[in-house]
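The values are calculated or read from the model by the stated rules, or taken from the named source; none is laboratory data. All figures in this text were calculated on a predicted structure; none of them were measured in a lab. Note that we place each Cβ from the backbone using ideal geometry, even for glycine, and neighbour counts take in every protein chain shown. Ligands, DNA and RNA are stripped out before the accessible areas are found, and what is left, the full protein with its side chains, is counted by its heavy atoms. Shrake-Rupley method; radii C 1.70, N 1.55, O 1.52, S 1.80 Å.
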Amino acid sequence: MNNSYKSELKQTNMDTVIEPKSMSAIIAATIKTGIIKSNVFAMFAGLAMALYVNGLHPFEHIWQIIAAFAGSFLVIGAAGTFNNVYDIDIDSKMDRTKDRPTVAGDISKRAALILGTVMMIAGLAFLWSASFYAALFGFLGLFFYVVPYTMWTKRSTVYNTEVGSISGAFPPLIGWGAVSSDLTNPAIWGLFFVMVIWQMPHFYAIAIRKHDDYAKANVPMLPVVKGFKRTYIQTNVYLVILIGVSFSMLAFSPYIMALTVALSTIWLWISLKYAKLQDDAKWAKVMFVYSLIYLMVLFGAIILYSIIGLLIA
């Protein structure tokens, strides 16, 4: 073997060496930063709504706002961490989750539990410093995600999505509760119920896209247990309900209500249109992508409307 060939082989072997993951990358994957970002955005929508509806000046509530962001980040991260720890057996069987730090051994169960516990305590402390209601809603969101969803229904019933949707709808309530104690205002509850219903079509689309993964892990998602046709029908039922619930946003603004109704109606139209292609994968992909657009547009509009309203008030 000549020296030039040895050199090339050595270089090739060096190129294929997998670099160890950084601690920051491991922690980010463990606490699920992607989910944190989307939920903090939802919290911000509820916060902005509360400031506008109640005529509150942001600078007079600067600590509550900071605490709401910090507390939400930490509590949501804690929920994701506990989920990763409890679901190691399931995640190890699924292609999309088999590389999670808790499965790959990048972080031990003990270390992850300590991380989640510290984040939970710190997060609830931040939310408590903002208000009792912010801490209450933060705790309830974490509890519903970890206990009724992760530890119970995710493994036992096709209605796990409905149970999980409750925890996913708490972030706007956290934001609202951080600066307002008025829980009788229908505006925030309208947004809460829109978020509850939104999650069914969103997660059904994911369940179809990852059908084989869920089947391998014996997770009773609707398309795994009842089939794609039942999932498609149930999705459309929830989309019709979402259109109806969208009218509740009138309590906040007729313009935001009109936008929410339009977004929901378009979603149903997309479902019906792509179902005609008889391509389940295509239908699920388009439905999933639009579900993200739906939330970005709705939350963005609520935040922008609220900020402009505060500026011109």
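Numbers at a glance
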item	result
Share of carbon and sulfur in the accessible heavy-atom surface of the chain [1.4 Å probe, %]	67
For the stretch 102-261, fraction of C-alpha pairs farther apart than 19 Å, in %	64
Relative packing of 24-32, 179-187, which averages over residues the other C-beta atoms within 10 Å, highest first	24-32, 179-187
Over the chain, relative contact order from alpha-carbon pairs under 8 Å, at least 6 apart, %	20
Assigned charges on the beta-carbon of Lys, Arg, Asp, Glu; the chain dipole about Cα centre (debye)	740
Per principal axis, descending, Cα span of the stretch 37-125 in whole Å	50, 24, 15
Residues of the chain: accessible area per residue with a 1.4 Å probe, Å²	48
Computed lengthening from I312 to S108, 0.36 nm per intervening residue step minus Cα-Cα distance	68.2 nm
Sequence-separation-based contact order of the stretch 71-120, relative, with Cα cut under 8 Å and 6+ spacing, percent	50
Principal semi-axes in Å for the chain [√(5λ), Cα gyration tensor, largest first]	36, 27, 19
Area of M296 that stays accessible when all protein chains are in place (1.4 Å probe, Å², to 10)	120
Surrounding net charge for S131, when Lys and Arg each add one and Asp and Glu each subtract one, Cβ distance under 15 Å	-2
Axial C-alpha extent at least 15 Å, average Kyte-Doolittle at least 0.0 - helices from the chain (DSSP)	33-53, 62-86, 109-130, 132-144, 186-209, 228-246, 254-275, 280-312
Farthest positive-ward along the stretch 155-313 dipole, Cα basis, beta-carbon charges - from Y238, Y204, L311	Y204
